[in-house]
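The values are calculated or read from the model by the stated rules, or taken from the named source; none is laboratory data. This structure is a prediction, so every number in the text was calculated from the model and none was measured. Note: ideal-geometry Cβ built from the backbone for every residue, glycine included; neighbour counts use all protein chains shown.
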Amino acid sequence: MAKIKFALLKDIHSLPEISVMKKTLKVKQICAADKFKNKTCDWIDIEHKDTFAFEITSDFDSLYEKERSWNKKLYAFSDDANTTMLSLIYPNNIVAFFEADNLDASEYMNAHWARDTLDRFAKTYDNDAQIDFILDKLKFNKTQINKLNSFKLQNKKHYDYVMELRNTYSEKMRKIISSGWN
């Protein structure tokens, strides 16, 4: 199975219609993520391609620690597309280029799921504010206060470890969506 060329583009409201983009870029096919379920996008041989597109678009900013921007969309291009033309014609719209096949998409979504799960797990150790609230509202003796405060240090170690694990999945995701085009 051949890899599909993808580009994550921003400022989507300033981009022309797909038909105009096809003519301008001189490519056979372009498909925007919101049309991935249409029959015209059957050439994109990736299972759950609409979910894949949604996850990439929503994950990108957090993966690269950027301010969240919802004005991005994933586009798929036929194999005759090239980065030079896209970069020359829409230079201010390009966020990322990558190629992916079904295996890459599956690997990305599995890493996304693992990263998301570890994120939720890490939140169980992120409870300093709750401990402070309890200490502020209820009366404890000095030993009890010290013991409750010690949870913060213990939780910090657990939180750091879980976040370290989480980052390994983020790295797998980054690797897939920053591969560029051949």
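Structure summary
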item: Residues (outside any helix (DSSP H, G or I) and of a type in the set (D, E, K, R)) located in the range 19-66; result: K26, K28, K37, D42, D45, E47, E65, K66
item: Inter-residue pairs, beta-carbon under 6 Å, first in a strand (DSSP E or B) and in the range 70-84, second charged (D, E, K, R) and surrounded by 15 or more Cβ atoms within 10 Å (Cβ to Cβ), 6+ apart; result: K72/K10; F77/K5
item: Selected residue (only one of K152, K156, K147 is in contact with a Phe, Trp or Tyr (Cβ under 9 Å, 6 or more places away or on another chain), in a helix (DSSP H, G or I), basic (K, R) and in contact (Cβ under 8 Å) with a residue 12 or more places away in the chain); result: K156
item: Residues of the range 64-81 satisfying the condition of being closer than 21 Å to E107 by Cβ and at pLDDT below 90; result: Y64
item: Among residues of the range 68-79, those that are exposed (fewer than 12 other Cβ atoms within 10 Å of the Cβ) and either among the aliphatic types (A, V, I, L, M) or out of contact with any helix residue (DSSP H, G or I) (no Cβ under 7 Å at 6 or more places or on another chain) (or both), counted; result: 1
item: Count of residues meeting criterion [part of a loop (DSSP other than H, G, I, E, B) and surrounded by 15 or more Cβ atoms within 10 Å (Cβ to Cβ)] in the range 85-106; result: 2
item: Matching residues, the range 114-142, being aliphatic (A, V, I, L, M) and within 30 Å of K172 (Cβ to Cβ); result: A114, L118, A122
item: Test: residue in the range 115-125 that is within 16 Å of the chain's Cα centre (by Cα) and in contact (Cβ under 8 Å) with a residue 60 or more places away in the chain; result: no
item: Near pairs, Cβ below 9 angstrom, 6+ apart or cross-chain, from the range 92-109 (within 17 Å of A2 (Cβ to Cβ)) to any residue that is surrounded by 19 or more Cβ atoms within 10 Å (Cβ to Cβ) and of a type in the set (S, T, Y); result: A100/Y108
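Yes/no per residue for (1) under 20 Å from N182 (Cα atoms); (2) touching a strand residue (DSSP E or B) at 6+ places or on another chain (Cβ under 7 Å):
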position	(1), (2)
A7	yes, yes
D11	no, no
S14	no, no
V27	yes, yes
D50	no, no
A53	no, yes
A100	yes, yes
